[in-house]
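Okay, structure first, notes after.
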Amino acid sequence: MPDPLARPLGQILTDLAAADPHAAAITFEGDTWSRQDLESAANRRARHFAELGVRRGDYVTVALANKPSYFATVFAVWKLGAVPQLISPRLPAPERSAVLRLARPRLVIGAAEPGLPAAPDEDALSAEFSDAPFDHYPVAPAWKAPTSGGTTGRPKLIVSGQAGLLDVAPLNAVLGQRPDDVQLVSGPLYHNAPFNTSFFGLMAGQHLVMLPKFEARTALRAIARHRVSWLTVVPTMMSRMLTEVRDRPKDYDLGSVRRLWHMAAPCPPWLKRAWIELLGAEKIYEMYGGTENQMMTLIDGRDWLTHPGSVGRAVFGEFVVLDADGRPCPPGMVGEIFMRPAEGDGPSYRYVGAEPRTHANWPGWDSLGDLGHVDDEGFLYLSDRRTDLIVTGGANVFPAEVEAVITEYPGVRGCAVVGLPDDDLGRRVHAVVETDAPLDEARLRGHVESRLVRYKCPRTYRFTDTPLRDDAGKLRRAELLDLEARLTSRATGSAT
């Protein structure tokens with residue numbers, strides 16, 4: 001049944017601006033945009049995009065870095081009932097082209113792509129258009145379509161099953177977002193979690209303090225200067241900020257923070273405990289779920305202290321942990337996590353370019369490939385993010401995608417990519433390259449870095465002439481990971 005309090009996303013900004021046009025909306029590098037500034041820019045851009053042919057239901061690819069115009073662009077897309085399709089502005093041309101072949105957008109903002117209409121991120125181009133509010137707001141069939149890699153190394157779109165209508169109150173209640181909050185936005189907006197939490201916060205009336213990119217000192221100074229009360233981070237950010245606070249305890253004031261969320265990667269227990277000690281258990285929150293949004297778990301620091309290592313219980317949707325035969329696992333037994341939206345809700349997503357991982361015995365449930373177990377109270381614990389997936393600094397890297405690029409290089413006979421433990425990133429991308437003759441590592445690095453976004457590029461390489469796969473073409477990745485970890489440990493030990 002439709003929510004009578006839900007409004008079109010494009011209208012929510014108009015209503016906020018009408019309620020308090022001079023309220024601060026976004027602060028970035030010393031400049032502050034009011035709600036009216038943002039609304040005016042979004043209205044002009046929407047009319048400009050409409051003249052370029054954008055209509056309800058069209059994909060509009062947004063390839064922009066963190067800056068206020070990102071929000072103006074996305075709201076402009078929503079005002080037309082179109083769907084923002086989010087990509088990194090730093091995607092190498094081959095990777096970007098693969099995504100856009102799937103999306104077939106009506107317009108690309110911030111990047112040039114042969115054969116597709118594009119518009120640069122320049123307010124001057126929209127200056128001739130009216131900034132007046134719209135008379136009506138078409139509802140987008142999907143409110144976003146972010147991009148993800150796949151286990152085959154091919155990109156896919158994750159098209160939301162939620163239309164461009166929102167009642168902000170229930171979300172704000174779950175996330176603890178209040179109109180008087182100041183939110184620090186430190187992650188890239190083309191990633192799902194920063195995108196969601198920043199837009200939800202803005203629509204709740206929060207004042208966003210946005211960084212162009214994360215840097216520990218800059219983030220800590222922004223928290224103190226702007227009295228930040230609400231923020232989301234990944235464990236790598238937590239680790240870097242903790243080091244800075246411990247090195248200079250008198251330089252930073254975190255007293256304004258009332259809610260810190262972390263997500264996107266497993267958090268080491270020692271790091272979680274350190275932040276609980278720093279801020280207080282009642283201020284630390286963790287969520288687990290996917291961009292697919294079938295289900296989300298939540299846990300606060302108080303529950304975590306009595307269930308250490310857990311990511312909590314479901315706050316919407318459902319999950320079940322299944323063994324290899326599709327039977328529910330008893331408490332404590334590790335299996336694969338399958339999810340579905342709450343009964344009666346429609347599909348939460350659809351893929352373009354991939355098929356969901358399903359189970360024949362559990363129709364309507366699907367899996368992101370994560371493994372875990374539950375305890376007697378129904379709290380979920382993750383054992384591994386995915387069988388092969390590498391989570392590095394909160395970003396997902398699929399080995400097959402990286403391996404495909406490396407094996408393109410002349411002289412490479414085979415390749416395997418694994419994630420080695422890393423105190424800072426959680427896991428670092430490491431490549432084992434099979435070759436018959438010595439290769440120039442610098443040239444290979446250049447080859448890879450010209451084709452993949454930076455966080456996907458291996459930080460370390462090892463070269464070998466030993467076959468990595470058996471005669472059937474199978475790779476025992478777990479054994480290889482163990483070997484590489486031991487070799488790295490020996491090398492580090494000998495160096496010290």
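Return the lysines within reach of residue 272: Cα separation strictly under 22 angstrom, same-chain partners fewer than 8 residues apart disregarded; answer none if there are no such residues.
Within the straight-line cut-off, residue 272 pairs with 250, 283.
May I ask you to list the residues of region 83-98 whose amide nitrogen lies under 14 Å from a point 7 Å from Cα along the Cα→beta-carbon direction of residue 65?
88-91
I'd like the FRET efficiency for residue 32 and residue 424, computed as 1/(1 + (r/R0)^6) with the beta carbon distance as r and R0 of 35 Å, rounded to 0.05.
With a Förster radius of 35 Å, E is 0.60.
Please give, to one decimal in nm, the separation of the simple spin-label points placed at residue 256 and residue 480, each 7 Å out from Cα toward the Cβ.
4.8
Could you calculate the contour length gain from residue 360 to residue 413, that is, 0.36 nm times the residue separation minus the distance between their Cα atoms, to one decimal place in nm? Show your work: numbers first, answer last.
Numbers: separation 53, 0.36 × 53 = 19.08 nm, distance 3.74 nm.
15.3 nm is the gain from fully extending residue 360 to residue 413.
Convex hull volume of the Cα atoms in the chain, per residue, in Å³? Let's see the in-between values first.
Details: hull volume 81.6 nm³, N = 496.
Spread over its residues, the Cα hull of the chain gives 165 Å³ apiece.
So what's region 325-422 giving for Cα Rg divided by 2.2 N^0.38 Å, two decimals?
In units of the 2.2 N^0.38 Å rule of thumb, it is 1.36.
Whole number please: convex hull volume per residue of the Cα set in region 390-495, in Å³?
Values: hull volume 11.6 nm³, N = 106.
Value for region 390-495: 110 Å³ per residue.
Going by how many other beta carbons lie within 10 Å of each one, how would you line up 232, 464, fewest first? Walk me through the numbers on the way to the answer.
Details: 232 25, 464 13.
Exposure proxy ranking, most exposed first: 464, 232.
Could you work out the Rg to Rh ratio of region 78-179, with Rh taken as the Kirkwood radius (inverse of the mean 1/r over all Cα pairs)? Let's see the in-between values first.
On the way: Rg = 16.5 Å, Rh = 16.1 Å.
Result: Rg/Rh = 1.02.
How charged is the neighbourhood of residue 229? Take every other residue with its Cβ under 14 Å from the Cβ of residue 229, and add Lys/Arg as +1 and Asp/Glu as -1. Mind dumping the intermediate values first?
Values: positive: 178, 225, 227, 258, 259, 283; negative: 180, 181, 253, 282.
Spelling it out: positives minus negatives among the neighbours equals +2.
FYI, it's all coordinate maths here, none of it is from the lab. None of these values were measured; they are calculated from a predicted model. Counting neighbours? That spans all protein chains shown, and the Cβs are built from the backbone with ideal geometry, glycine included.
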